[in-house]
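A.B. asks: Once you've had a glance at the structure underneath, I'll fire off some questions.
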Amino acid sequence: MLFSGKNIIITGATGDLGVAIVQRLISQGANVLAVAGHQSEISRLATCSGPGSLETSVADVSDAEQVLGYATRAFALWGQIDGFVNNAGIQTPVRPIVDFPEEDFDRVMAVNIRGVFLGMKYVLPRMRRRVGCQYVERFGLGGRRENLRLRGLQTRHHRLD
């Protein structure tokens with residue numbers, strides 16, 4: 001199996017794409033720490049099964065302490081992290097900018113930008129020591145591979161070696 005024995009963190013794990021990623025990785029033998037924004041969302045993962053294992057965590061990805069908490073928990077569970085799918089993101093209704101509430105803008109920036117940054121800041125250091133680790137950032141429609149040493153805040157798809 002492609003991901004047999006690999007230890008992978010997935011944020012945004014209870015959205016439609018997140019559930020599909022969790023299911024695919026577990027079916028391929030991965031150990032997954034699925035991070036959800038709210039406890040009430042964890043039940044969406046109940047149907048995920050396979051030879052891999054599922055652990056869950058609830059965290060606000062825009063809160064540094066909570067991000068450090070899920071990163072620390074994954075490392076404590078497995079001693080190593082082989083992959084990170086930084087998938088959490090939110091969307092608001094589309095409106096003219098003059099009608100767009102500043103509170104909505106602040107929350108989108110907190111989750112979609114700060115959350116990505118904090119995930120990279122607290123998870124990637126635990127991965128960089130390992131050759132062949134993968135980092136995936138879902139951002140828009142694209143993804144590409146980059147050398148993390150070249151850019152401090154580029155967030156797409158990175159191979160950590």
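The values are calculated or read from the model by the stated rules, or taken from the named source; none is laboratory data. As the structure is a computational prediction, the values presented were derived from the model and not from experiment. Glycine gets a Cβ as well: all are built from the backbone with ideal geometry, and neighbour counts include every protein chain shown.
A.B. asks: Please pick out the residue among Glu146, Glu103, Glu65, Glu55 that is at pLDDT 95 or above and over 22 Å from Thr14 (Cα atoms).
C.D. replies: Details: Glu146 fails: at pLDDT 95 or above; Glu65 fails: over 22 Å from Thr14 (Cα atoms); Glu55 fails: over 22 Å from Thr14 (Cα atoms).
One residue alone meets the criteria, Glu103.
A.B. asks: Let me ask another. For region 23-50, give me the residue count where each residue is within 17 Å of Gln66 (Cβ to Cβ) and either of a type in the set (Phe, Trp, Tyr) or in a loop (DSSP other than H, G, I, E, B) (or both). Don't jump to the end; show me each part of the working.
C.D. replies: As a first pass, look at region 23-50 and keep what is within 17 Å of Gln66 (Cβ to Cβ): 33-42.
Within this subset, residues satisfying the condition of being either of a type in the set (Phe, Trp, Tyr) or in a loop (DSSP other than H, G, I, E, B) (or both) are 37-38.
Selection size over region 23-50: 2.
A.B. asks: Give region 9-22 a look and list any residue that's touching a residue at least 24 places away in the same chain (Cβ under 8 Å), assigned to a helix (DSSP H, G or I) and more than 13 Å from Ser53 (Cβ to Cβ), or say none.
C.D. replies: Step one: filter region 9-22 for residues touching a residue at least 24 places away in the same chain (Cβ under 8 Å), giving 9-15, 17-19, 21-22.
After this cut, where a residue has to be assigned to a helix (DSSP H, G or I) as well, the list is 17-19, 21-22.
Hits for region 9-22 are Leu17, Gly18, Val19, Ile21.
A.B. asks: Next question, about the same structure. Regarding region 87-107, can at least one residue be identified that is within 14 Å of Val32 (Cβ to Cβ), touching a residue at least 40 places away in the same chain (Cβ under 8 Å) and buried (at least 16 other Cβ atoms within 10 Å of the Cβ)?
C.D. replies: The answer is yes; a qualifying residue exists.
A.B. asks: So, one more: Could you pull out the residue among Val22, Val58 that is surrounded by 22 or more Cβ atoms within 10 Å (Cβ to Cβ) and under 13 Å from the mean Cα position of the chain (by Cα)?
C.D. replies: On the way: Val58 fails: surrounded by 22 or more Cβ atoms within 10 Å (Cβ to Cβ).
Unique residue meeting the criteria: Val22.
A.B. asks: If Gln91 meets every condition in (1) outside any helix (DSSP H, G or I); (2) over 21 Å from Gly119 (Cα atoms) apart from one, which number is that one?
C.D. replies: It is condition (2) that Gln91 fails.
A.B. asks: Only one of Asn112, Asn31 is polar (S, T, N, Q) and crowded, with 20+ Cβ neighbours inside 10 Å; which?
C.D. replies: Numbers: Asn112 fails: crowded, with 20+ Cβ neighbours inside 10 Å.
Step by step, each of Asn112, Asn31 is checked, and only Asn31 is polar (S, T, N, Q) and crowded, with 20+ Cβ neighbours inside 10 Å.
A.B. asks: Which members of region 34-44 meet the condition of being among the aliphatic types (A, V, I, L, M) and surrounded by fewer than 20 Cβ atoms within 10 Å (Cβ to Cβ)?
C.D. replies: Of region 34-44, the ones among the aliphatic types (A, V, I, L, M) are 34-36, 42.
If the condition is that a residue be among the aliphatic types (A, V, I, L, M) and surrounded by fewer than 20 Cβ atoms within 10 Å (Cβ to Cβ), then Ile42 is the only one that fits.
A.B. asks: So the check is Cβ under 8 Å with 6+ separation or different chains; which pairs have a first residue in region 56-78 that's small (Gly, Ala, Ser) and a second one that's assigned to a loop (DSSP other than H, G, I, E, B)?
C.D. replies: Ala59/Gly37; Gly69/Ala59; Ala71/Ile81; Ala74/Ile81
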